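Enquirer: I have a structure I would like to understand better, so I am pasting it below and will then ask my questions one at a time.
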Amino acid sequence: MSLLSIEELKELVEQPQGLCVSIYMPTAQLGSETQQNSVRFKNLIRQAEAELEKYESRPTNLGHFLEPAIQLDEDDFWQHQSAGLALFISEGFFRFYRVPIDMIELVVVSDRFHLKPLLPLLSGDDRYYILTLGQRDVRLLEGNRYGITREVEIEGLPQNMDDALQYDETAKDEQRRQGGGAGRAALQAGSYHGQGGERENVKEDLLQYFQLVDKALHDFFRNRHAPLVLAGVNYLLPIYHEANTYNFIVEEGIQHNTKEQTAQELHAEAWAIVEPLFEANQQKAIDYYHESIAAGKGSNDLNEVIQGAFYGRVEQLFVPVGVQKWGHFDPDSMELEMHNEAQLGDEDLLNAAAIQTIFHGGTVYAVEPEKVPDNTPVAAVFRY
């Protein structure tokens, strides 16, 4: 597995019962270095066994409990890795994810899974879309800073111009008699030339086609704010801009045929366009946090932030990657316990705050510790 969605995150939070083991490790992807993956993995499994031994409620047969993970340890598995590997094990439950994030080695045993290292994949602050345009093919792709994450299936999205405009042979014959055939033939050949009526007929067809594409995308993009990058031969992009009704389309696009490009190549071009936008947006988020602190609508107090996250008050949250704050929060009694070192039954409170923020529709910025505003352990903006 390699794609972690919000739905899968909810499954990791809600389904497991009893003790939960979370294992994170960096993975080598090339050559002889991949042999170190198995060595590192075995050490982490032994560490998980040692952590489980501390619990009276541990499974009676630890080997059987960890067996789904242990079975992965084969040469072929280690030859097909990304930058990191995340594994989640509980009684009758096992998931693993190859992830494009550089991981540190970490084993956490608790009554819930430790998910914060994965939050950069889900935070939403770097999500973007690519719309590939062609007369015979239109696709919507979703990506983030790590790559293309999926192709989005849109009901009713036109697959080609002829079907969208419902051209049949009778209509084509009529178009030829009206002098538009040459323009259409030029379009089918992949060019955009001609003069007068021919050129206008082709543009009118494309505009009508792209209006239908935009209409099909309307419901999906409602309430979204992620940048949309257009990709296609250069004469198509300005016509789609004319048809577009989405407010967050990027003026600059990928101006060539992308049909033969790999996902990695397409991501590299799109990310070069959208990365400056995300950097500017993150700085705006930091400025917004400072304004909210001054207005009494922000906090860097972990107790207050935890409570706000569980009750859906957190609009925006900064948490540091690689830092844990151990303890326990009871949302019923509103009581928070914090410990310098992890104790039995503890959870990472930063992890809990981030997950609750995502579940309630807030934005999480999982950043390097020095990038949390004011160099605090956590920083939040409240909705109210």
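The values are calculated or read from the model by the stated rules, or taken from the named source; none is laboratory data. Given the structure is predicted, the values throughout are model-derived calculations rather than measurements. Neighbour counts run over all protein chains shown; Cβ positions are idealised from the backbone, glycine included. What goes into the accessible areas is simple: the full protein's heavy atoms, side chains included, and nothing from ligands, DNA or RNA. Shrake-Rupley method; radii C 1.70, N 1.55, O 1.52, S 1.80 Å.
Enquirer: Name the single residue that is modelled with the lowest pLDDT among those in the stretch 182-215 being of a type in the set (A, V, I, L, M, F, W, C) and either under 20 Å from GLY143 (Cβ atoms) or touching a helix residue (DSSP H, G or I) at 6+ places or on another chain (Cβ under 6 Å) (or both).
Expert: Residue satisfying both the conditions and the ranking: ALA182.
Yes or no, residue by residue, for (1) open to solvent by 20 Å² or more (accessible area, probe 1.4 Å); (2) within 12 Å of MET25 (Cα to Cα); (3) modelled with pLDDT of 95 or more:
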| position | (1), (2), (3) |
| --- | --- |
| GLU56 | yes, no, no |
| ASN61 | yes, no, no |
| GLN71 | yes, no, yes |
| SER82 | yes, yes, no |
| GLU91 | yes, no, no |
| VAL99 | no, yes, no |
| LEU115 | no, no, no |
| LEU121 | yes, no, no |
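Enquirer: Somewhere in the stretch 228-237, is a residue under 29 Å from VAL319 (Cα atoms) and open to solvent by less than 20 Å² (accessible area, probe 1.4 Å)?
Expert: The answer is yes; a qualifying residue exists.
Enquirer: Have a look at GLU269, GLU252 and point out the one that is modelled with pLDDT under 95 and either more than 16 Å from ASP126 (Cα to Cα) or open to solvent by 20 Å² or more (accessible area, probe 1.4 Å) (or both).
Expert: None of the other options fit; the residue is GLU252.
Enquirer: Restricting to the stretch 255-266, and then to whatever is closer than 26 Å to ASP219 by Cβ and part of a helix (DSSP H, G or I), can you tell me which residue is least open to solvent (accessible area, probe 1.4 Å)?
Expert: Among them, the one singled out is LEU266.
Enquirer: Also, quick follow-up: Need the failing condition index for GLU155 against (1) assigned to a loop (DSSP other than H, G, I, E, B); (2) open to solvent by 20 Å² or more (accessible area, probe 1.4 Å); (3) in contact with a strand residue (DSSP E or B) (Cβ under 9 Å, 6 or more places away or on another chain); (4) more than 21 Å from VAL250 (Cα to Cα), just the number.
Expert: Here GLU155 meets the rest and fails (3).
Residues are listed down the side, and each one gets a yes or a no for (1) in contact with a strand residue (DSSP E or B) (Cβ under 9 Å, 6 or more places away or on another chain); (2) part of a helix (DSSP H, G or I); (3) among the aromatic types (Phe, Trp, Tyr):
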| residue | (1), (2), (3) |
| --- | --- |
| GLU304 | yes, yes, no |
| LEU317 | yes, no, no |
| GLN324 | yes, no, no |
| GLY327 | yes, no, no |
| SER333 | no, no, no |
| MET338 | yes, no, no |
| LEU344 | yes, no, no |
| ALA352 | yes, yes, no |
| GLY361 | yes, no, no |
